[in-house]
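Below is one structure, written out as structure tokens, with a few remarks after it.
The values are calculated or read from the model by the stated rules, or taken from the named source; none is laboratory data. The shown structure was predicted, so the numbers you read here are calculated from the model rather than taken from an experiment. Here the Cβ is made from the backbone with ideal geometry for all residues, glycine too, and neighbour counts use every protein chain on show.
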Amino acid sequence: MRIFASLPTAAIGLLSLLLALSPSPRSAGEGGPTDLEIEKLRELHYQEQEQVRLVLLPTVVTDRRGRLKQGLGAEDFRLYEDYVPQEIKYFGTEANQPISIAFLLDVSGSMRQLGKLDEAKEAIRVFVNSFGDDDRFGLICFADDQVAWVTEFTSDAELFELRLDVQKAYGQTAIIDALAATPRLVDEQIKGRKAIVLITDGIDNASRMSPFEAIRLARSVNVPIYTIGFSSFIDGLLPKGTLESRQLVLQHFSEETGGLLFSVNDPDDLKEAVLVIQQEMRFQYIIGYHPSRRLWDGAFRRIKLEAAQDRLVVRTRAGYYADP
């Protein structure tokens with residue numbers, strides 16, 4: 001989002017005076033400013049006009065046990081960009097505001113195993129049936145090299161579920177490519193409070209894009225990605241608190257965009273993940289600031305947002321690209 005400074009008052013007055021002195025186009029030799037002189041004044045203004053950007057941070061705050069923390073104010077946060085303190089210019093909460101969620105569903109052949117696709121569909125139904133009248137939901141499916149909208153954002157749960165039900169598993173899995181394409185698809189579709197919920201078994205065997213390239217694209221838009229990954233037998237053999245490599249990729253996407261990873265073993269875990277995502281989307285802090293550094297060189301700017309209270313956990317996007 002870019003906000004440009006308005007025309008300075010003095011410049012407006014001068015421009016108005018010049019226009020008043022020249023009520024109609026004039027020929028050479030007549031009094032008053034020429035059209036060329038007026039155009040030069042406009043160019044001078046645009047050259048001196050300062051470009052101001054507002055970076056917005058949808059933010060979730062919890063305690064150490066994962067319970068949402070409400071009632072905080074701007075003074076309860078400390079904000080840094082590349083370790084430089086920033087002043088919070090905008091602060092608000094979004095409780096009870098409509099939300100839009102795009103479900104990114106893995107329909108590759110591996111999702112047929114152990115009924116994972118059927119479990120994923122049921123979790124999405126639970127999610128959709130709990131939505132309010134003003135909430136919207138969409139379905140994007142991926143397999144092989146295809147990432148496509150099945151149902152664009154709608155409030156029609158019946159239509160949505162009809163299209164969800166007919167999805168079949170086929171082909172290979174290209175999770176990285178899907179994660180790279182989807183944030184921009186969602187960002188172009190709708191503004192406001194939105195998120196992506198990916199449901200997959202995490203077995204990527206077809207992506208052409210590297211994780212680094214995909215994360216760069218995901219960082220370029222302000223859409224948090226929640227990932228729900230089915231656990232495998234190998235996951236169960238790992239030490240507690242560690243993740244298999246395919247789950248680590250999903251976790252990285254979530255951390256960089258302000259979302260969260262859920263590693264699930266059964267339908268109950270899926271429903272618990274849905275509940276947590278719903279709660280987080282229902283209550284967010286929205287924090288905005290004007291970056292103190294005004295050089296737009298395309299570099300990635302790392303954001304650090306923390307709570308003044310040490311025992312609180314703050315989660316938001318990891319940064320943004322300062323594109324010209």
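Test of understanding: among V107, V126, which residue is out of contact with any strand residue (DSSP E or B) (no Cβ under 9 Å at 6 or more places or on another chain) and in the same structural domain as I196 (by TED's automatic domain parsing)? Write out each step before concluding.
On the way: V107 fails: out of contact with any strand residue (DSSP E or B) (no Cβ under 9 Å at 6 or more places or on another chain).
The unique qualifying residue is V126.
Scanning for something under 18 Å from the mean Cα position of the chain (by Cα), assigned by TED's automatic domain parsing to the domain that holds L248, outside any strand (DSSP E or B) and surrounded by fewer than 18 Cβ atoms within 10 Å (Cβ to Cβ), does region 115-122 turn up at least one residue?
We begin by selecting, within region 115-122, every residue under 18 Å from the mean Cα position of the chain (by Cα); these are none.
The answer is no, given that none of the residues of region 115-122 is under 18 Å from the mean Cα position of the chain (by Cα), assigned by TED's automatic domain parsing to the domain that holds L248, outside any strand (DSSP E or B) and surrounded by fewer than 18 Cβ atoms within 10 Å (Cβ to Cβ).
May I ask you to list the residues in region 151-169 that are farther than 28 Å from P98 by Cα and touching a helix residue (DSSP H, G or I) at 6+ places or on another chain (Cβ under 6 Å)?
A169
Here is a list: G171, G192. Which entry is at positive phi and modelled with pLDDT of 90 or more? First the steps, then the outcome.
On the way: G192 fails: modelled with pLDDT of 90 or more.
That would be G171, the only listed residue that is at positive phi and modelled with pLDDT of 90 or more.
Any residue at all in region 217-238 that's more than 28 Å from P98 (Cβ to Cβ), at pLDDT 85 or above and surrounded by fewer than 16 Cβ atoms within 10 Å (Cβ to Cβ)?
no
Of the residues in region 54-83, how many are in contact with a His (Cβ under 9 Å, 6 or more places away or on another chain) and surrounded by fewer than 16 Cβ atoms within 10 Å (Cβ to Cβ)? Full working, then the answer.
Step one: of region 54-83, the residues in contact with a His (Cβ under 9 Å, 6 or more places away or on another chain) are 54-55.
From the residues that got through so far, the ones that are surrounded by fewer than 16 Cβ atoms within 10 Å (Cβ to Cβ) too are 54.
Residues meeting the conditions: 1.
Has region 201-213 got at least one residue that is in contact with a helix residue (DSSP H, G or I) (Cβ under 9 Å, 6 or more places away or on another chain), farther than 30 Å from A299 by Cβ, polar (S, T, N, Q) and surrounded by 15 or more Cβ atoms within 10 Å (Cβ to Cβ)?
Looking only at region 201-213, we keep the residues that are in contact with a helix residue (DSSP H, G or I) (Cβ under 9 Å, 6 or more places away or on another chain), and these are 201-211, 213.
Remaining after also requiring farther than 30 Å from A299 by Cβ: 201-203, 205-206.
Checking the rest, the ones that are also polar (S, T, N, Q) come to 205.
Next cut, surrounded by 15 or more Cβ atoms within 10 Å (Cβ to Cβ) only: none.
Checked against the condition, which is being in contact with a helix residue (DSSP H, G or I) (Cβ under 9 Å, 6 or more places away or on another chain), farther than 30 Å from A299 by Cβ, polar (S, T, N, Q) and surrounded by 15 or more Cβ atoms within 10 Å (Cβ to Cβ), region 201-213 yields no hits at all.
Mind telling me which of the residues T173, T182 ends up being among the polar types (S, T, N, Q) and in contact with a Ser or Thr (Cβ under 7 Å, 6 or more places away or on another chain)? Spell out how you get there, then give the answer.
Numbers: T182 fails: in contact with a Ser or Thr (Cβ under 7 Å, 6 or more places away or on another chain).
Every option except T173 fails the conditions.
(1) farther than 26 Å from Y285 by Cα; (2) in a loop (DSSP other than H, G, I, E, B): which one isn't true of G132, the others all being true?
The failed condition is (1).
Checking Q70 against (1) in a loop (DSSP other than H, G, I, E, B); (2) in the same structural domain as L248 (by TED's automatic domain parsing); (3) polar (S, T, N, Q), which single condition isn't satisfied?
(2)
For I101, are the conditions met, namely being under 23 Å from the mean Cα position of the chain (by Cα), surrounded by 15 or more Cβ atoms within 10 Å (Cβ to Cβ) and at pLDDT below 95? Give the steps one after another, and end with the answer.
Working: under 23 Å from the mean Cα position of the chain (by Cα): yes; surrounded by 15 or more Cβ atoms within 10 Å (Cβ to Cβ): yes; at pLDDT below 95: yes.
For I101, the condition - under 23 Å from the mean Cα position of the chain (by Cα), surrounded by 15 or more Cβ atoms within 10 Å (Cβ to Cβ) and at pLDDT below 95 - is met.
Considering only region 158-189, state which residues are among the hydrophobic types (A, V, I, L, M, F, W, C) and surrounded by 15 or more Cβ atoms within 10 Å (Cβ to Cβ).
First pass over region 158-189, keeping only residues among the hydrophobic types (A, V, I, L, M, F, W, C): 159-160, 162, 164, 166, 169, 174-176, 178-181, 185-186.
Residues satisfying the conditions are F160, L164, A169, A174, I175, I176, A178, L179, A180, A181, L185, V186.
Would a scan of region 275-286 turn up a residue that is part of a strand (DSSP E or B) and surrounded by fewer than 20 Cβ atoms within 10 Å (Cβ to Cβ)? Give the steps one after another, and end with the answer.
Step one: list which residues in region 275-286 are part of a strand (DSSP E or B), which gives 285-286.
Now narrow it down to the ones that are surrounded by fewer than 20 Cβ atoms within 10 Å (Cβ to Cβ): 286.
Yes, region 275-286 contains a residue that is part of a strand (DSSP E or B) and surrounded by fewer than 20 Cβ atoms within 10 Å (Cβ to Cβ).
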